[in-house]
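Worksheet for the structure shown next.
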Amino acid sequence: SLFLTVPIDLDGRQLWMIADTGMRGATFYEPQLEAVSFERQASISGHSVGGNVESQIVLVPRLRIATQDLERQVYVVRPPNSPLLDGVAGYLGIASLNAKQVTFDLDRHVLSWQ
């Protein structure tokens with residue numbers, strides 16, 4: 001596997017996200033939010049190595065990982081055209097866990113924090 005995916009709960013739906021050490025919050029691919037009601041707050045433009053990135057900032061219903069509630073304000077972007085990301089809802093920034101210590105067990109595909 002090229003990345004570690006973690007299960008999150010978005011308003012009662014289990015989704016899988018890539019654990020990302022370089023992000024602060026959560027970024028969802030647009031199709032993953034089709035079954036959930038959310039409130040649009042702003043549109044933003046950014047740049048990456050791949051070019052321009054257009055995204056929305058939205059407020060989603062309850063968002064959790066394990067028993068921990070996460071920030072409900074998230075980014076939404078268009079999904080890339082990549083079969084490697086089938087079944088992936090987006091990216092979860094590890095900083096959103098507000099943890100003092102985070103452990104990636106890549107052999108067992110487990111993320112733990114305290």
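The values are calculated or read from the model by the stated rules, or taken from the named source; none is laboratory data. Given the structure is predicted, the values throughout are model-derived calculations rather than measurements. Neighbour counts run over all protein chains shown; Cβ positions are idealised from the backbone, glycine included. Heavy atoms of the whole protein, side chains included, go into the accessibility calculation; ligands, DNA and RNA do not. Shrake-Rupley method; radii C 1.70, N 1.55, O 1.52, S 1.80 Å.
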Practice problem: Output yes when any residue across segment 53-74 is touching a Gly at 6+ places or on another chain (Cβ under 7 Å), assigned to a strand (DSSP E or B) and of a type in the set (D, E, K, R), and no when none is. | Solution: no
Quiz item: Pairs under 8 Å by beta carbon, first residue free of Cβ contacts under 8 Å to residues at least 24 places away in the same chain and under 17 Å from Asn98 (Cα atoms) in segment 19-44, partner open to solvent by 60 Å² or more (accessible area, probe 1.4 Å) and of a type in the set (Val, Ile, Thr), six or more apart or different chains?
Solution: none
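Just one of Ser48, Ser96, Ser82, Ser55 is open to solvent by less than 80 Å² (accessible area, probe 1.4 Å) and either within 12 Å of the chain's Cα centre (by Cα) or of a type in the set (Asp, Glu) (or both); which is it? Can you show your working first?
Values: Ser48 fails: either within 12 Å of the chain's Cα centre (by Cα) or of a type in the set (Asp, Glu) (or both); Ser82 fails: either within 12 Å of the chain's Cα centre (by Cα) or of a type in the set (Asp, Glu) (or both); Ser55 fails: either within 12 Å of the chain's Cα centre (by Cα) or of a type in the set (Asp, Glu) (or both).
Every option except Ser96 fails the conditions.
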Quiz item: How many of the residues making up segment 87-114 are in a loop (DSSP other than H, G, I, E, B) and over 23 Å from Ile57 (Cα atoms)?
Solution: 8
Quiz item: Does segment 26-39 include one or more residues that are open to solvent by 50 Å² or more (accessible area, probe 1.4 Å), among the aliphatic types (A, V, I, L, M) and part of a loop (DSSP other than H, G, I, E, B)?
Solution: yes
